[in-house]
Amino acid sequence: MAAMYLADAQQVAEAADLIATFGEHAVVEAAIRAGHMRDIGNVVHFCRWRQTERLVELMASDEAVGTVH
């Protein structure tokens, strides 16, 4: 996985809330929210939800990401 940009700590809290609320479907919920933002033309929130979607995938993964020392 490539390096991930996080706008702020709130984005991590949003991802954790999605996981707590939607479980294994949290990625789908983030994608739905991103799609809605795209549909209404809000590019800033579209990008934020896409990054949140990627973060949810990362947080839900059991694999190590990056280098492990």
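General remarks:
- Normalised by the number of residues in the range 9-60, the average gap of Cα pairs under 8 Å and 6 or more apart makes the relative contact order 43 percent.
- Nearest-0.05 FRET efficiency for residue 57 and residue 8, computed from C-beta distance (R0 22 Å): 0.70
- Site pair residue 20 and residue 40 shows an inter-label distance of 2.4 nm when each label is modelled 7 Å from Cα along Cα→Cβ.
- Charge-dipole axis of the chain as Lys and Arg at +1 and Asp and Glu at -1 on Cβ define it, positive-most pick from 36, 16, 64: 36
- Considering helices alone, the calculated mean residue ellipticity of the chain at 222 nm is -22000 deg cm²/dmol, with DSSP H runs of length four and up weighted by -39500 (n - 2.57) and normalised per residue.
- Distances between every pair of Cα atoms in the chain, grouped in 5 Å steps from 0 to the bin holding the largest one, split as 3, 18, 27, 23, 18, 7, 3, 1, 0 percent.
- The order of the peptides 4-12, 28-36 by mean Cβ neighbours within 10 Å, most packed first, is 28-36, 4-12.
- Net charge dipole size for the chain [Lys, Arg +1 and Asp, Glu -1 on Cβ; Debye, nearest 20]: 300 debye
Values quoted throughout were computed directly from the atomic coordinates according to the rules given, and no laboratory measurement underlies them. Just so you know, these numbers come straight off a predicted model, no measurement behind them. Note: ideal-geometry Cβ built from the backbone for every residue, glycine included; neighbour counts use all protein chains shown.
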